[in-house]
Amino acid sequence: PLEPAPAMLSFPIPYGTTAITGYEHCNKHGLYKGQTVVVAPAQTVSSPQPSCDIATCGGGAANVSVCPVTVAEYWRLYEREFTETAAVDGNTNLKHKPSVIVHGNGSVTVQVGHENVQTDGSITYHPMSPSDDENIVHWINSIWVKDQTGAVVAMREFLPTDAGPATYTFQVPSTATSLTAFEYCNKHGLFAGDEITLAAGDKSASAAPVCELMDCPDEIPRYAREADCLAYVAEAKRRQVEFNANSPDVYGTPYTLGANNEKHSPYIVVDGTVAKAVVGRGAATGDPGDPIHPMSDDTSLFGVNMHYIESIWVEDQNGEIIAFRLLSPSEESPATMFFDIPVGTTSVTAYEFCNKHGLFQGPTVTVSAANAKVGARAGCSVQQCVEGTVVSTCESFTAEFFRRDDSDAAKTDPALKHTPFVLLNGSTATIVVGEGATTTDGSGLIHPMSPSDDPAVVHWISHIFATDEAGNLVAMCELLPTDPAPASCTFEVPQGVQKLIPYEFCNKHGFYVGDEVAVTETNLMAPRSCHKRECSEAQPSLLSADGDEATKVCTYWRAELQRRQIVERGEATEAPYDSDLIGETKHKPYVRIQGTTAVVVVGLGAVTGVEGDLIHPMTDSEDSNTVHWIDTVWAEDQNGRVIGMRRLSPLEPAPAMLSFPIPYGTTAITGYEHCNKHGLYKGQTVVVAPAQTVSSPQPSCDIATCGGGAANVSVCPVTVAEYWRLYEREFTETAAVDGNTNLKHKPSVIVHGNGSVTVQVGHENVQTDGSITYHPMSPSD
């Protein structure tokens, strides 16, 4: 409920989808169905599984204010569904009773059904039963605990797939003198346990209230599946190949312990049944002379000094992952992961991935049965949530705009066609380009958005951004040629911003500024935002298919780079420099084929690994004279068709790289790259055999922004079933309300034409003055 309105969902469209229907559930008014939208094959993505972002990030002390809101919602559900105003006494139904177990060490555990002891001495706990049948799905939604004042001091939500019994352990705040536990069962409602009086030794002097809700300001899924841990490990190994610019047959994957990498080596320290993995020899020995890997979150100079351990994991003697964790650069050094050793483990080996230097393997440690913890399960804690949006990438591009415009100031346009205008609606700002976008009588010019594969024709606004009164970036949007005119960028104005100065960059005519506008209202929760269309090659997001104008973005982008070859480089034609003819190895894109995957890297050294062979740099800077990088890499087949393209950020490590599956029918591949300073280069042509191609993939074009992942897919049908059950029970209805009868609740599907769609609630609730009244998101306790 703390998220801003409108409620929204976006996801890549899986291959085979022909139609999409949106649904939404309002906590007060039930379940609504929206319209059905037809989907074309070119709007789907071949690789993704259905996405299920049910649990969004693990909570923590930062989310404490959300818990009273959530408790209030459970009370509202309970009163509405069960027509009760008091929780059921758990002593009347021990299977539902949340029992507080005091450990005497500053922590307590709440367990549902703990006191439901049978005549044979066994305990029948409350079930955790996932199902897509609304008559079967049955689980504990949440456990929370209140102190003697009625304040929520701890809370955790559960998924139907979480293991039973529903259990929650936390540290007791020092201010608590008594605790009462509550639980909410999806089928049977709200139950209260006994009030437990605490002694001084039962509390923790340093503990604060905790709120472990499946909730986060960002759209980052909380993965809880072994498959996700395996995927992260696979990704680390894939990136290791990129770091090495060659195959693991030539360079070891991962690096192993040696005198030169004791700082990067992960060491396992075992003390009884307590085990931890730490990075850096000094973290294991305690010797101040031994190195420890830093955790540096220095964002100055656009992140060039960022250096930290991204992930740590531990494998047993069989190569099975028994623990995994993602880390944040803001964590303290040494990078650390505590883990339990499952019964049957005989040895453990730690791995870590450094954001700058790649994947490292530590020494193997032998363990005994005495080190194992009974009941230990493999742990996958990859739910690291990055608060806010990193804007350093966008800020570095502002320097690039000045460099490309060969000026130290943006221009103004007397004709107002290139002028960016700020429109304010409360705390929401929209920047549009062209005076005609601000009038209602058809007067004034609007800048066109003209996609084309002809360099003389392609013409669009590539970037829109705003700075505040201090010149700091507030928001940036990168646009595609296929985006509609007028070019626009909408964002929430963060707290503290007093003025907005709008800018736009036209691919043909350069850098323009509009009039500053005073801000009258801001959004307390809004971060500064950077919406750049960049994506790792592991997450392709925009496909290119012949015959569909909406998906030919890659050919349009190629045309723009060809146009710049003439305008910026002063060449007579749009042809790229031929690296072989001019003997240029630093800019040359080299194509290598690994199985059915093509890899394009820039610079001879990226292929040979020989010291002295050149690799093109990736240099980010706010100085327009310094910023220098490969901004685009692409490949063409024997017919000149773009079969792989990727845009890069100056913050990426060198060498610049593109990898993609080779489409069936390809007989030859030629690599191309565009350097922001030195223009367009062509590499050698490589012959492709039929066995090196893949029959299913479409040409890949990584221009757009990455979507989420396929996490917890099996949980979604369960949750949908539960919403149906709630709806039928609370509203005595068996069919969703047609959203067309209540536009404020209608979930509208917006197809973007790039493999993703957005579902937005209230999008069609347009008022007579042209404004939209979205469904509110109103938190309250």
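The values are calculated or read from the model by the stated rules, or taken from the named source; none is laboratory data. Quick caveat, the model's predicted, so the values are computed rather than measured. In this analysis, Cβ positions are derived from the backbone assuming ideal geometry, glycine residues included, and neighbour counts consider all displayed protein chains. With ligands, DNA and RNA removed, areas are computed over all heavy atoms of the protein, side chains included. Shrake-Rupley method; radii C 1.70, N 1.55, O 1.52, S 1.80 Å.
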Among the listed pairs Lys588/Lys677; Lys411/Lys682; Lys28/Lys744; Lys28/Lys97; Lys95/Lys373; Lys586/Lys677, those beyond 23 Å (Cα-Cα):
Lys411/Lys682; Lys28/Lys97; Lys95/Lys373
Accessible area per residue of segment 85-200 at 1.4 Å probe, in Å²?
40 Å²
Place the peptides 767-775, 490-498, 754-762, 14-22 in order of packing, highest mean first, counting for every residue the other Cβ atoms within 10 Å and averaging per peptide.
754-762, 490-498, 14-22, 767-775
Once ligands and nucleic acids are excluded and a 1.4 Å probe is used, how much of Phe11 is accessible, expressed in Å² to the nearest 10?
40 Å²
Excluding ligands and nucleic acids, what accessible area in Å² is computed for Lys276 using a 1.4 Å probe, to the nearest 10?
60 Å²
To the nearest 20 debye, segment 111-195 has a Cα-centred charge dipole, built from +1 on Lys and Arg Cβ and -1 on Asp and Glu Cβ, of 220 debye
